[in-house]
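In what follows, a single structure is set out as structure tokens and then discussed.
Just so you know, all these numbers are worked out from the coordinates, no wet-lab data involved. The structure displayed is predicted, hence computed values, not measured ones. Positions of Cβ are generated from backbone atoms using ideal geometry, with glycine treated the same way; all protein chains shown enter the neighbour counts.
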Amino acid sequence: MITFVNKYAQNKAMPSTTKTDIVFIRDLIIEMSAGIYDHEKASNQRIIINITLDVECNAGKTISTINDVVSYEDITNTARQISLAKHYDLLEELAELLASACLENQRVHQVQIRIEKPDIITDVRTVGIEITRP
């Protein structure tokens, strides 16, 4: 017998119906230093970063300047700066730093970071990690 638990009944709260908009950066390619192996530390490699942000909904608001929205240019520049700041043994560390930086903006409700190393394993198109943080 399988028993299903209604998580909403337990929490006595329905999920948020707050509307959000999506800001995204797709396939940001950075030549950077990442990896645990000596050959990875010896030279930069291609890393592909994707960022998806659930942001405050703009519906019904007056939007007249870049200061009224979450700027994908700012997010891209920050991602590039953090990625190039040092060598990362693990992509997980980089992903956490990127997520934290995105969440500093009060308009960002949730962030999804996907980081890929497309050239590291022969016969595999890409490998990597993906995290989601509220």
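Side notes on the structure shown:
- Around ILE131: net Lys/Arg minus Asp/Glu count, Cβ-Cβ under 9 Å: -1
- Lys pairs, region 18-133 - Cα-Cα below 23 angstrom, 8 or more residues apart or on other chains: 4
- Rounded to the nearest 10 degrees, the inclination of helix 91-103 to the longest alpha-carbon principal axis of the chain is 40 degrees.
- Matching label, percent of Cα pairs over 17 Å apart computed from the structure shown, candidates (i) 64; (ii) 70; (iii) 76: (i)
- In degrees, nearest ten, helix 72-84 long axis to first principal axis of the chain (Cα): 40 degrees
- About its Cα centre, the dipole of region 18-133 is roughly 220 debye, where the only charges are +1 on Lys and Arg Cβ and -1 on Asp and Glu Cβ.
- The relative contact order of region 18-133 comes to 29 percent, based on Cα pairs under 8 Å that sit 6 or more residues apart.
- Phi-based couplings in Hz for region 114-125 (Karplus 6.51, -1.76, 1.60; Gly and Pro marked x): 10, 10, 10, 10, x, 10, 8, 10, 4, 6, 10, 4
- A simple count of charges around ILE49, restricted to other residues whose Cβ falls under 10 Å of its Cβ and scoring Lys, Arg +1 and Asp, Glu -1, yields +1.
- FRET efficiency, 1/(1 + (r/R0)^6) with R0 25 Å, evaluated for LYS19 and ALA85 via beta carbons: 0.10
- Taking Lys and Arg as +1 and Asp and Glu as -1, the other residues whose beta-carbon sits under 10 Å from that of ILE120 total -1.
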